[in-house]
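Bear in mind that the values in this text are calculations on the coordinates, not laboratory data. Small disclaimer: the values here were computed from a predicted structure and weren't measured. Reconstructed Cβ throughout: ideal geometry from the backbone, glycine too, with neighbour counts over all protein chains shown.
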Amino acid sequence: PLVHRPRLERAVLAHRGLPSRAPENTMASFLAAADAGATWIETDVDLLGDGTAVLIHDTALDRTTDRSGSIYALEAADLATIDAGSWFDPRFAGERLPLLDTFIDLLSERGLHANIELKPNEQGAARSLLLVDTVARALDALDPACQVLVSSFSQPLLMAFHERHPRYATAVLYEAGTIRPDWLSVAELCGATCIHPQDEGLSEEMVALARGAGYGVNVWTVNSAQRAAELFEWGCTGVFTDVADELLALEGPQR
Ligand code: G3P
Ligand code: MG
C-alpha cells in the first residue's frame, strides 16, 4: 500500500536545483535551491553502465560536463574524473555528477522533499527494472519526514515501479498535447497521486478534471511568476521552475 503520500499545495519545485545560478543537477545546484528557501527539489536519475544511480538529465555527458559520450559507458570510479560544473562557470569547477545516495542524504539532513524523475532507460527491460529497484532501495534510506514523488515520461517504467514498490507515490509526466482520454486509467495503473503536464497548451479544464478526480497537478517548466500565480488560481498544486529563488520571493515560505 501507499505509505508515503506527498502533500503539495502551491509548491515551488526547484527544477534540477537552481539552474539559473548553478550547474543543473549538481549538489551545488540543490544547495543553492535549498538556501533560496525551496523545500521541493526535482532531479533526474539514470544508471551508469555498472548500475550506479546518478543524477543527470541527458544520457550523453556532452551538454553538462567536460566529457562526451554515453553515461552507460561509465562506472562509478569514473565520476571523480568528470567535471560537471566548469561548463556553467569556472567557479563550479570540480562539481561532480551526484550519486542518488548523496542526494538522498542531503534531503534527510535538510528536511527537503523531492521529485525523482526516472529517465526512460534506453537499455531494455532488465536495466529498467534495475533502475526502478535501485531508486526504491535508495529511497528506503530517506528520513520519513521527507516527502517523495517518483515521476517519469515512461508509463511502463512507472507501472513497473508501482507494481514492485507500491509504498511510494508516482506522477505521470506529459509533454504538451500528450494527455490522452485514457489518462485516468494510466494514472491508476501507475499508482499516481499527481500528473505532471507541460505548461504549453495546458487548459484550466484539464486541471479541474484532474483535481476533481483527486490528483495533484504539478506543471513544468514555469519561469514566469505571473503564469505560476495563474496556475495556482486554476488549482494546480505545484510548479517546476528554473528560478525557484524568484518565485519563492513572491510566494512566501514553503512547507
Ligand atoms: O519533471 C519535470 C521536468 O523535469 C520534465 O522534463 O526534460 O526537464 O526532465 P525534463
Ligand atoms: Mg526532469
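Values as computed for the structure displayed
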read-out: Residues that are touching a residue at least 24 places away in the same chain (Cβ under 8 Å), closer than 23 Å to Ala32 by Cα, more than 16 Å from ligand 2 (Cβ to nearest atom) and out of contact with any helix residue (DSSP H, G or I) (no Cβ under 7 Å at 6 or more places or on another chain), drawn from the stretch 108-138; value: Ser108, Gly111
read-out: Tally, over the stretch 168-191, of residues that are within 15 Å of the chain's Cα centre (by Cα) and away from ligand 2 (no atom under 16 Å from the Cβ); value: 2
read-out: Close pairs (7 angstrom Cβ cut-off, 6 or more residues apart or separate chains): free of Cβ contacts under 8 Å to residues at least 60 places away in the same chain in the stretch 1-21, in a strand (DSSP E or B) anywhere; value: Gly17/Ile41
read-out: Test: residue in the stretch 68-75 that is out of contact with any strand residue (DSSP E or B) (no Cβ under 6 Å at 6 or more places or on another chain), within 16 Å of ligand 2 (Cβ to nearest atom), closer than 21 Å to Phe161 by Cβ and not small (Gly, Ala, Ser); value: yes
read-out: Considering residues of the stretch 226-255 that are surrounded by 18 or more Cβ atoms within 10 Å (Cβ to Cβ) and of a type in the set (Gly, Ala, Ser) only, the residue farthest from Arg110 (Cα to Cα); value: Ala228
read-out: Residue that is nearest to ligand 1 (Cβ to nearest atom), among those in the stretch 226-239 that are closer than 19 Å to Arg16 by Cβ and among the hydrophobic types (A, V, I, L, M, F, W, C); value: Val239
read-out: Test: residue in the stretch 48-68 that is away from ligand 1 (no atom under 16 Å from the Cβ), hydroxyl-bearing (Ser, Thr, Tyr) and in contact (Cβ under 8 Å) with a residue 24 or more places away in the chain; value: yes
read-out: The stretch 206-234 residues that are within 17 Å of Arg5 (Cα to Cα), paired with ones that are of a type in the set (S, T, N, Q) and buried (at least 21 other Cβ atoms within 10 Å of the Cβ) (beta carbon under 7 Å, 6 or more apart); value: Tyr215/Thr193; Gly216/Thr193; Gly216/Thr237; Val217/Thr237; Asn218/Thr237
read-out: Residues (closer than 17 Å to Leu118 by Cβ and surrounded by fewer than 22 Cβ atoms within 10 Å (Cβ to Cβ)) located in the stretch 199-225; value: none
